[in-house]
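As structure tokens, the structure follows; a few thoughts come after it.
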Amino acid sequence: MRAAWWAAFVRFVRTHVVLVVSAVAALLTMIAVPPDAAYMGYFDLKTLACLFGILALVGALRNAGVFEATARAMVARFSTCRAAVSALVAVTLVLSMVATNDMALIMMLPLSAATLLKAGWERALPFAFIMQSLAANLGGMIVPFGNPQNLYLFERFSIPLGDFLATMALPFAVSVLLIGVCCVLFAQPTPRMASEELPASERTMRIPRARTTAYVLLLALVIASVFRLVPYPVALGTVVVGLLLLDRRALRSVDVGLLLTFACFFVFAGNMARIPAVEDTLSQVMAHHALLASAGASQVISNVPAAVLLSHFTDSYPALLVGVNIGGAGTLVASLASLITFNQYRAVCTAFGRRPGIARQTAGGFVARFTAFNGVFLVVLYAVCSAAG
């Protein structure tokens with residue numbers, strides 16, 4: 001019995017490494033800062049509510065066959081792997097400016113997986129996912145609502161929109177250039193496999209229009225709550241009631257582990273800001289090395305908690321704003337949105353592991369490639385922004 005419990009525990013840790021690490025970090029800080037009433041102020045309930053709503057609605061759209069139908073249309077439209085990957089990455093980047101980096105990835109990664117698998121381009125899946133992750137994290141930096149940390153800093157420092165855009169213009173332009181160059185150099189111009197060519201009669205498929213329309217309207221409601229056009233509790237409640245009536249499986253499919261990871265990081269950042277020794281040290285660091293500190297801290301505790309934590313130790317936002325945004329590139333935990341990419345990649349490998357092109361791919365290999373590409377992006381962006389002052 002003990003052996004079975006231990007084996008189950010090991011499997012859980014291997015499957016939820018980031019969640020376990022974030023939970024341990026949060027628990028350690030609770031030793032220095034015992035739980036009290038201030039803990040309730042740590043949590044960004046709006047981010048958690050919006051993320052839950054999007055996860056549930058994407059599951060509902062997937063169950064309705066929307067991603068499969070769109071994938072068939074895209075496979076029919078693009079004749080080479082390079083063209084398909086470039087289009088998917090570009091759409092992810094644009095979508096991140098409108099619906100935040102998390103939402104862009106949640107909506108686009110399933111579509112990318114379906115498209116590449118349908119065309120027989122599964123070998124390109126790791127690269128496509130890595131580029132989409134970079135596109136979402138770095139593309140969303142140009143607008144206040146593109147990334148969660150931007151929303152937080154935009155409000156905390158009351159940044160004028162013109163100043164925000166001027167601050168982020170250079171790193172955004174460099175990021176777009178790097179992503180474009182990578183798509184040209186590393187996405188192969190491989191044509192569709194003949195066996196995967198879809199007959200004209202199968203390039204379209206029926207989807208339940210009424211339900212799909214309802215899901216899209218609910219998705220629009222959640223996005224409206226991001227822009228503060230609708231109170232987020234109203235949007236969340238409407239989504240839950242709607243899916244209870246239309247697709248309960250979508251509610252059960254929500255990645256609770258991802259939500260708990262967010263919550264643990266919020267506790268960690270909140271507690272760190274209340275430790276006197278940490279406060280003194282970070283105040284000095286932010287006064288002299290704000291860009292390096294914010295980008296570096298993002299690599300360890302993620303850029304959203306880093307923004308929340310470091311904003312308590314500076315009155316000047318430009319270096320902090322740039323640092324936590326370019327800091328979204330780097331390690332797997334540098335941006336919580338990257339966890340979405342990793343979780344989705346593992347899900348695809350589990351579901352399609354018998355296909356030769358997928359069977360050769362491993363989670364460890366993906367993390368290595370992810371870190372290599374992100375590391376290069378981070379070094380280039382930091383060098384450019386540091387030189388620009």
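The values are calculated or read from the model by the stated rules, or taken from the named source; none is laboratory data. All values reported here derive from a predicted model rather than from experimental measurement. Please note: Cβ atoms are built from the backbone with ideal geometry, for glycine as well, and neighbour counts cover all protein chains shown. With ligands, DNA and RNA removed, areas are computed over all heavy atoms of the protein, side chains included. Shrake-Rupley method; radii C 1.70, N 1.55, O 1.52, S 1.80 Å.
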inquiry  = Using only the Cα atoms of segment 55-144, what are the Rg and Dmax in Å?
reply    = 12.5, 38
query = Viscosity 1.002 mPa s, temperature 20 °C: Stokes-Einstein D of segment 212-275 from its Kirkwood Cα radius, in µm² per second?
reply = 157
ask   = So what's the gap between the Cα centers of segment 1-29 and segment 308-322, to the nearest angstrom?
value = 33
key: With eigenvalues of the C-alpha gyration tensor scaled by 5 and rooted, segment 1-155, Å   = 34, 23, 14
query = Can you give me the Cα centroid spacing of segment 39-54 and segment 208-260 in angstrom?
reply = 14
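Counting only C-alpha contacts under 8 Å and six or more residues apart, can you give the relative contact order of the chain as a whole percent? The partial results should precede the final answer.
Numbers: 523 pairs, mean separation 90.7, N = 389.
It rounds to 23 percent for the chain.
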task = Can you pull the one-decimal nm distance between simple spin-label points at VAL13 and MET30, each 7 Å off the Cα toward Cβ?
result = 1.9
query = Based on the mean of other beta carbon atoms within 10 Å per residue, what is the order of 307-314, 213-220, most packed first?
reply = 307-314, 213-220
message = Would segment 250-294 count as rounded, prolate or oblate if I go by the C-alpha gyration tensor, calling it rounded below 1.5 in a/c and otherwise prolate when a/b exceeds b/c, oblate otherwise?
response = oblate
key: Accessible surface of the chain, 1.4 Å probe, proportion on carbon and sulfur as whole %   = 69
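So for each of 247-258, 331-342, 129-140 I average, over its residues, the number of other beta carbons within 10 Å; can you give me the resulting order with the highest mean first?
On the way: 247-258: 16.2, 331-342: 24.0, 129-140: 28.9.
The most tightly packed comes first, giving 129-140, 331-342, 247-258.
What is the sum of charges, Lys and Arg at +1 and Asp and Glu at -1, for the other residues whose Cβ falls under 15 Å from the Cβ of ARG249? Don't skip to the end; give the middle numbers.
On the way: positive: ARG62, ARG211, ARG248, ARG252; negative: ASP247, ASP255.
In short, +2.
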task = Put one equal scatterer on each alpha carbon of segment 3-84, apply the Debye formula with no solvent term, and list log10 I(q)/I(0) at q = 0.11 1/Å to two decimals.
result = -0.66
ask   = Binning every alpha carbon pair distance of segment 228-354 at 5 Å from zero, what are the percents per bin?
value = 2, 10, 15, 15, 15, 13, 11, 9, 5, 3, 1, 0
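Place the peptides 19-27, 293-301 in order of packing, highest mean first, counting for every residue the other Cβ atoms within 10 Å and averaging per peptide. Write down the numbers at each step before the final one.
Numbers: 19-27: 17.8, 293-301: 23.2.
Going by the mean number of other Cβ atoms within 10 Å, highest first, we get 293-301, 19-27.
What are the DSSP H helices in the chain that stretch 30 Å or more along their long axis, judged by alpha-carbon atoms, and whose average Kyte-Doolittle hydropathy comes to at least 0.0?
Values: long enough: 161-186 (35 Å, 2.21); 363-388 (37 Å, 1.58).
Helices passing the filter in the chain: 161-186, 363-388.
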ask   = Using 7 Å Cα-to-Cβ label points, what is the ALA4/THR80 separation (nm, one decimal)?
value = 5.6
request  = For the chain, restrict the atom set to alpha-carbon positions and state the Rg and Dmax in Å.
outcome  = 21.0, 67
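Using alpha-carbon pairs under 8 Å, 6+ residues apart, how would you state the relative contact order of segment 288-346 in percent?
Details: 80 pairs, mean separation 23.8, N = 59.
Reported as a whole number, the value is 40 percent.
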